[in-house]
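Computed from the coordinates by the stated procedures, all read-outs in this text should not be read as laboratory data. A quick note: this is a predicted structure, and the numbers were derived from the prediction, not measured. Here the Cβ positions follow ideal geometry from the backbone for every residue, glycine too, while neighbour counts run over all protein chains shown.
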Amino acid sequence: MKATISGAKRISEGGCNACTSFALNVYHITFEDGTKISLERLSVPVLVMTFAQREHWQPSFTMVDMGEEAMVYNKDGVTIMEQETTRNVTYQKGATKVTVAQEYCDLEDLYQNTNKVLTEIFGMAMVAFDYVTIERDPVIVNGKEYK
């Protein structure tokens, strides 16, 4: 399976006169069939959820401890539990458990660890990821260029 992730940086206004502008990263994933989905951020849990839902895994939440929730994926009688900590995320199917960091600075590490979860836990085929940066046209106001 092949998936292309595209990213663009947008400058957003704070919404009031006292708020400053800030950069906002926007990501989309496009599958081989042309289906395009927006991503909340680039992280293992977000990418795993995107592929799991595409393969018809049904996500839901369950309480595991007082005040702690876990994501549970179900499909054809198989249950996979996802538990997040501040930095890591653990996926467990039966006795098989995989723990990876939630986010990575290097895209190759992100893709490798996402594939580890998808193949070892969900039994999916390895994904060939590609990343494309989309540069938007600059905005010109009173002769000054903004990107």
Equivalent ellipsoid semi-axes - Cα gyration tensor, the chain, angstrom: 34, 19, 13
Please grab the % of Cα pairs in the range 1-80 that end up more than 20 Å from each other. 53
For an R0 of 25 angstrom, estimate the FRET efficiency from the Cβ-Cβ distance between GLN92 and ALA125 and round to the nearest 0.05. 0.75
Considering only the chain, percent of DSSP beta bridges that pair antiparallel, nearest 5: 85
Under a Cβ-Cβ cut-off of 14 Å, what is the net charge of the residues other than MET1 that fall near it, where Lys and Arg count +1 and Asp and Glu count -1? -2
Once the other residues with Cβ under 12 Å from the Cβ of MET126 are scored (Lys, Arg +1; Asp, Glu -1), what is the net sum? +1
Please list 26-37, 48-59 highest first by mean number of surrounding beta-carbon atoms within 10 Å per residue. 48-59, 26-37
Calculated from DSSP H runs of 4 or more alone, at -39500 (n - 2.57) each and per residue, what is the 222 nm mean residue ellipticity of the chain, nearest 500? -5500 deg cm²/dmol
